[in-house]
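Below: one structure, written as structure tokens.
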Amino acid sequence: MTENEKIGCGSDMMSLMDRLRVDPAEYVLGVESPIGIYLRREILKKEEKSDSKLEKEIHEKMVAGQSADGSWNQLFVETANNLWNLALLGYDEASESVDKGLKWLLSNQTQYRGYSGFFCSSNRKDPSLMRSTFYGEFGPGCTIFYQTAYVVHLFHIFGLDNDKHIQTTVKSYLRFWRPDWCGAWCTIKVLRILVEHPLSSESEQVESGLKHLAATQSKMGAWKGFPFFHTFHALSRSHNILANRQFEKAAQSVVKRQNRDGSWGKKAIETETFLVLDALKNSGNSV
């Protein structure tokens, strides 16, 4: 894809915040979690005086709960979500907790149908825990695709795209993945990491995945069968014209789906509010 085929979000998107029915700050200012701290600091630019104390308390509790092997309770889901929380709080790969956690994730690397670089923990509690967890950027799906995509994404947000283990994973996906390989949750998880990783962001696989999504998008902007907020957020990370067109079309649905208190979502309100507001930040909108 040439530079002329890439676009940013248009003026309609730039005015989206003015079209919202409620100021998101009404909800965000009351969220006492890593998501709340992140949204206030990075999105609203209205960090509360109490956030420093709250951040310290959350961090101390997280570090205290980390096992000696770097995991949290030898569970992939807990370990990945805690690492994501550390990223939200502003900790980077130099943090001892982050470093230990990432190394534990790497210890779970395995093969998938002869392809190298995939991840799957041996803890039997993980599959059921994963299916019941709607926290963060990754929702339920096939265990190995959930865990593999989550690991690649975590290494990406900590600035470790060049890690050889992660590059092996991305190269394997580029060899066999197609958008109809599995269900909608798995599709959007894999497409998310292919969109954001330098080795795959402009690949044929991304192009075909975006075309597949476009074919499911309704006039109101939702994607049939796909989780709306996760899909909206995943597309916000792409500079591809196909992604940006769908993102802009989905804006009207974002406005209509906002709750009366300024949040979004029903089952996982903190997560879905994060997905909307962070997506708007990625697209160049401001709150």
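The values are calculated or read from the model by the stated rules, or taken from the named source; none is laboratory data. Here the structure is a predicted model, which is why all the values come from computation and not from measurement. Quick reminder, even Gly has a Cβ in these numbers, built from the backbone with ideal geometry, and neighbours come from all protein chains shown.
Looking only at residues of region 9-18 that are surrounded by 13 or more Cβ atoms within 10 Å (Cβ to Cβ) and modelled with pLDDT of 50 or more, we find that the one that is farthest from residue 248 (Cα to Cα) is 17. Only one entry of 117, 136, 141 meets the criterion of being in a strand (DSSP E or B) and either crowded, with 21+ Cβ neighbours inside 10 Å or among the basic types (Lys, Arg) (or both), and that entry is 117. Looking at this structure, is residue 207 in contact with a strand residue (DSSP E or B) (Cβ under 9 Å, 6 or more places away or on another chain) and either among the acidic types (Asp, Glu) or not in a helix (DSSP H, G or I) (or both)? When the stated conditions are applied, residue 207 passes them. For region 224-254, the tally of residues that are part of a helix (DSSP H, G or I) and within 18 Å of the chain's Cα centre (by Cα) stands at 15. Filtered by the rule that a residue be under 13 Å from the mean Cα position of the chain (by Cα) and crowded, with 19+ Cβ neighbours inside 10 Å, region 255-287 gives 271, 272, 273, 274, 275, 276, 277, 278, 279.
Please specify each residue of region 145-188 satisfying the condition of being within 22 Å of residue 103 (Cα to Cα) and of a type in the set (Lys, Arg). Give the steps one after another, and end with the answer.
Applying the first criterion (within 22 Å of residue 103 (Cα to Cα)) to region 145-188 yields 145-173.
Those that are within 22 Å of residue 103 (Cα to Cα) and of a type in the set (Lys, Arg): 164, 171.
Only one of the numbered conditions (1) closer than 17 Å to residue 77 by Cβ; (2) not in a helix (DSSP H, G or I) is not met by residue 154, and that is (2).
Filtering region 16-64 to residues that are outside any helix (DSSP H, G or I), within 24 Å of the chain's Cα centre (by Cα) and small (Gly, Ala, Ser) leaves 30, 33.
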